[in-house]
């Protein structure tokens, strides 16, 4: 059984100045970025041993989220680039009432981890959502994961109570 944890951020408390991660660039995704986002998110989960037992479910869930994010002219996604290569992405749900705004969470390719880029991608995601009038951002991740221990607590992220399962959402009655 997977244990999930939900973090919440108040966007009024989100810093406005992103950390320097030169030569990397974080920006809102464009329609042409879809294939790069798909590759970055898929490899982030499928190649990370921490997600091994549920990586197929996470990848399937992420694929649907990417499809939904890129249905619009302005995709609800933030990308992390090294030159022209997308090395990370965060697919977002911009609905203020969403239970999980950070649909995929900040995903980075394994070779770029532990350099502060996950935090930079998280901050860009929070700023993106703040710009779409989301006042309280929620993100769900696996309990005891790297994200839960080191990334999500940044920028005022606090664990909140609840039973969350982003890959097996409750069906509407």
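Of the peptides 26-34, 116-124, the ranking by mean beta-carbon count within 10 Å, highest at the top, reads 116-124, 26-34. Under the simplified labelling scheme, the residue 158-residue 99 pair shows an inter-label distance of 2.2 nm, with each label point 7 Å from Cα along Cα→Cβ. Here the Gaussian network model covers the chain, with springs between Cα atoms less than 10 Å apart; of 23, 49, 106, 23 fluctuates the most. The value of relative contact order for the chain, using C-alpha pairs under 8 Å at least six residues apart, is 35 percent. With the simple model of a label 7 Å out from the Cα in the direction of the Cβ, residue 168 to residue 35 spans 3.6 nm.
Between residue 56 and residue 133, the modelled label-to-label distance comes to 4.2 nm, taking each label 7 Å out from Cα in the direction of the beta carbon.
Extension gain for residue 63-residue 115 works out to 16.1 nm (0.36 nm per residue, less the C-alpha to C-alpha distance). So, in Å, what gap is there between the alpha-carbon centers of region 112-131 and region 1-45? Centre-to-centre distance over Cα atoms comes out at 5 Å.
Each reported figure results from applying straightforward, stated rules to the coordinates on display, with no laboratory input. Here the structure is a predicted model, which is why all the values come from computation and not from measurement. Glycine also receives a Cβ, built like all others from the backbone with ideal geometry; neighbour counts cover every protein chain displayed.
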